[in-house]
Amino acid sequence: MPADNKRIAVVPGDGIGPEVIAQATRVLSRVEESHGVKLDLVHFDWGADKFLSDGVSLPDGALEMLSREFNAILAGAFGDPRVPSNQHAEDILLGMRRGLDLYINLRPVRLLDSRLSPLRNVRVEDIDFVVFRENTEGAYCGAGGFLKKGTADEIATQEELNTRRGVERIIVAAFEYARAQGRKRVTMADKSNVQRFGGDLWQRVFKKIAKDYPEIEANHQYVDAMAMFMVLNPSQYDVIVSNNLFGDILTDLGAGIQGGLGLAASGNIHPGRVSLFEPVHGSAPPLAGLGKANPVGAILTSAMMLEYLGHKAASEAIESAVRDAVSHNETTSDLGGNLSTEAAGTAICDRIL
């Protein structure tokens, strides 16, 4: 393989994952032709079928192989009613996020067309921000346990862990992105008025790091207030940074005001290392195989991946094609169109010149 090829691990996953990832890889093939991008896509069958047949979720040595041999990972969705525990999804997704130390969950929130937002009188330029969610610790670290489980006196604890290193690096990443992209404001969301210990750490680190970026406005909002303001006045946001739990909630709210989870792209990133890119809509088992799934989230995720890999022009061409297809209502039914998953992918491919 030539040295300038980018090697991509493709993991379609479960439910609608294979359908939407098929359209994303079609788009990638198109920009290989139109923009001279050189990609080597290698498919892996990790998901519910493999877990049920072989008892394997993330194979032994997979993380080392991904780190050593690949530039990025493009994943679909994970979750299958045949695996009620969702163990395979946790092993694969959280295994990659934690095992590869993908500490940035980056979620862009951009309105493609004003008719898509449920907000009244909102303009396209009013919704254009990104969220930096800490991705490896916080309330999702898995710490906690039970006492007297199953009895009337049962106690369940769920612990949130915040390390100085973890807080510093996600806040630095948010400010560095703002500087590199010409964004003017970084807003931190927390609940430090009641979560006094973790919140105190986030507050001190945020104020310290903000001093190194004097050209960027640094402000703070409590997360409950931010949820309200995101609906009332989304135009105030440029870059948001928050912990794992609050970032998860805010990004789904962001997806709602931009038109739905079917449009939402994301990256799980460790700068300079192999990173994971996945749409965030879930596996939607009832829609699997019906040709109704919206491929835009997966396609925009592939554009994010290309930008991360240094192919900015190809990434912008995909985003422009998506925006044009949406504006002409050449979409799946969730966005008001009448196209199948494959036809929606074709409409985007045909617009990439």
TODO: Would you work out the relative contact order for the chain, in percent, from Cα pairs under 8 angstrom that are 6 or more residues apart?
DONE: 24
Task: Accessible carbon and sulfur surface of the chain relative to its total accessible area, %, 1.4 Å - done: 51
TODO: Determine the dipole magnitude for the chain: charges of +1 sit on the beta-carbon of Lys and Arg, -1 on that of Asp and Glu, nothing else is charged, the reference point is the Cα centre, and the result goes in debye to the nearest 20.
DONE: 880
Open item on the list: How are the alpha carbon pair distances in region 229-353 distributed across 10 Å bins from zero to the largest one, expressed in percent?
Closed with: 12, 38, 37, 12, 0
Open item on the list: Can you classify the chain as rounded, prolate or oblate using the Cα gyration tensor, where a ≥ b ≥ c are the square roots of its eigenvalues, rounded means a/c under 1.5, and otherwise it's prolate if a/b beats b/c and oblate if not?
Closed with: rounded
- [ ] Could you tell me which trypsin sites (Lys or Arg not before Pro) in region 1-90 are loop residues by DSSP with no more than 11 other beta carbons within 10 angstrom of their beta carbon?
- [x] Arg82
Task: Point-to-point label distance, Thr151-Asn219, nm (Cα→Cβ direction, 7 Å offset) - done: 5.2
Open item on the list: What does the extension gain come out to for Lys207 and Ser67, with contour length at 0.36 nm per residue minus their alpha carbon separation?
Closed with: 47.0 nm
Open item on the list: Against the empirical 2.2 N^0.38 Å scaling, what ratio does the C-alpha Rg of region 54-100 come to?
Closed with: 1.20
TODO: Of the DSSP beta bridges with both residues in the chain, give the percent that are antiparallel, rounding to the nearest 5.
DONE: 40
TODO: Sticking with the crude label model, points 7 Å out along Cα→Cβ, report the distance from Lys38 to Arg165 in nm, one decimal please.
DONE: 3.6
Open item on the list: I'd like to check one number: the per residue accessible area of the chain, probe 1.4 Å, reported in Å² as a whole number.
Closed with: 44
TODO: Among Pro84, Val131, Leu63, flag the residue with its Cα farthest along the positive direction of the charge dipole of the chain, charges on Cβ as +1 for Lys/Arg and -1 for Asp/Glu.
DONE: Val131
TODO: May I ask which residue of Tyr308, Pro285, Ser320 lies farthest towards the positive end of the charge dipole of region 282-342, with charges of +1 (Lys, Arg) and -1 (Asp, Glu) on Cβ and the Cα centre as origin?
DONE: Pro285
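The values are calculated or read from the model by the stated rules, or taken from the named source; none is laboratory data. Everything quoted here is computed from the prediction, not taken from an experiment. Using ideal geometry, Cβ is built from the backbone for each residue, glycine included, and neighbour counts are taken over all protein chains shown. We work out accessible area using only protein heavy atoms, side chains counted, and drop any ligands, DNA or RNA first. Shrake-Rupley method; radii C 1.70, N 1.55, O 1.52, S 1.80 Å.
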